[in-house]
Each structure stands twice: as C-alpha cells, then as structure tokens.
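Structure, as structure tokens:
The values are calculated or read from the model by the stated rules, or taken from the named source; none is laboratory data. Note that this is a predicted model, so its numbers are computed, not measured. All Cβ positions, even for glycine, are placed from backbone atoms using ideal geometry, and neighbour counts span all protein chains on display. Heavy atoms of the whole protein, side chains included, go into the accessibility calculation; ligands, DNA and RNA do not. Shrake-Rupley method; radii C 1.70, N 1.55, O 1.52, S 1.80 Å.
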Amino acid sequence: MEWTLLFFLNSILLGVGLAMDAFSVSLANGLNEPNMKKSRMSLIAGVYAFFQFAMPMIGWICVHTAVEHFKAFDKFVPWISLILLLYIGGKMIFEAIKKGDDDTENATKLVFGTLIFQGIATSIDALSVGFTIADYGFLMALTASLIICVVTYIICMAGLAIGKKAGTHLKSKASVLGGIILIAIGIEIFVKGIFF
C-alpha cells in the first residue's frame, strides 16, 4: 500500500464506521449526565478514541505474530460486547428507576471503570481491522490507527454534546433512555458478529 489520498480517505471512512458504536454510547452518556463539563467530555471521548486506536494496532500486531490465536478469539468478540453493554445499560436503567425522581443532579455519574468497559465494548470489534490493514507496514498501520483515533474523538464529542442537550430536556428519563441505547448497541454488535 502506498501513501495516497485514497489511503487517508479509507482511514477516515474506517474511523467513521468504527466510531458509530462509540458515538451512540457517548450519546447515552450525555443523556445520563446533562451537566457534564467540557473537560469530562474530553476525557470520555479520549478514552473511546484511545481504544479505537489501540484495537486496530493490536489486531495488526496479532496478524503479524499470532494469526491462529487471534482467529480463535474473534468468535468471542460479539459475546464480550453484548455482556459488557447489557451489564452497563441494565445498571443505568436499574439505578434510574430506583431513584425515580426528576432531579438531574441525581443522575448516575459515569465512573472510570465503567468508562473503560464501555471503551473496550465499543472498540473490540476494531480488532478485526487489523486484518484489513495487514498489508500495511508498521508506520502506515500506526497512521491509519491515529486517523481512526482522531475521527472517533470528534464523533464522540459530538455525541456527548447532543446527548447533554437532549438530557437537559428529558430529565430523569434520560438515564433510562441511555441504558436502553447501550443494551440496543450490545445486541446490535452481537447480531452483526454472530450472523453477518
């Protein structure tokens, strides 16, 4: 593969495609926390972007070192995403129903451990991108992953901003909606991974 405009365009489009799950989760997080500060938004988007960068690189490394082991792991990806997102979404819904009032200050705040789980769950399918960029040299694979990272960051910041705006209007129902979105994403990743 050569350093052409097509390489950069493909990397951007790959980033957009991979960032859609992270965008939806960002939207849910924004709904759940409508008073989120910009620094917190940046941290959340940064975590998702980091995982979207790391997973294709890990996949690329696996392709160049341990392809057989990586292929065996690939069938568990949909299950891992489903379990993580069902747990996180279910917890959001349960806590929102348990609180049961309209006070947005009582919205469940996203803790760092949950954020890491979300980052892994929304990017684990990006491991397979390592196969699509397998013919790239290390520097090109790194560049493609960095482009994916930047695109993901921008898209997640947009998702958080949209979610925050909608969350302010939806009040306590936002946490339930956010949880439902996370569960739906988990099911969608699972169905795509198992049947397609």
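Structural remarks
- Beyond 30 Å in Cα-Cα separation lie the following of the pairs LYS99/LYS192; LYS98/LYS192; LYS75/LYS173; LYS91/LYS165; LYS37/LYS91: LYS99/LYS192; LYS98/LYS192; LYS75/LYS173.
- Per residue, the chain exposes an accessible area of 50 Å² to a 1.4 Å probe, with every protein chain left in place.
- Here the label points at PHE76 and ILE97, each 7 Å from Cα along the C-beta direction, are separated by 3.1 nm in the simple model.
- Placing dummy labels 7 Å off each Cα toward the beta-carbon, the span from LYS38 to ILE61 is 3.5 nm.
- On the basis of the beta-carbon distance and an R0 of 35 Å, GLU2 and VAL150 show a calculated FRET efficiency of 0.95.
- When Rg and the Kirkwood Rh are both derived from Cα coordinates, the Rg/Rh ratio for the chain amounts to 1.02.
- Atom-type composition of the exposed protein surface of the chain places 73 percent of the accessible area on carbon and sulfur (1.4 angstrom probe).
- Note on LYS109 and ILE187: their simple-model spin labels are 3.2 nm apart, each label 7 Å out from Cα toward Cβ.
- Efficiency of FRET from Cβ geometry, VAL16 and LEU139, R₀ 25 Å, rounded to 0.05: 0.65
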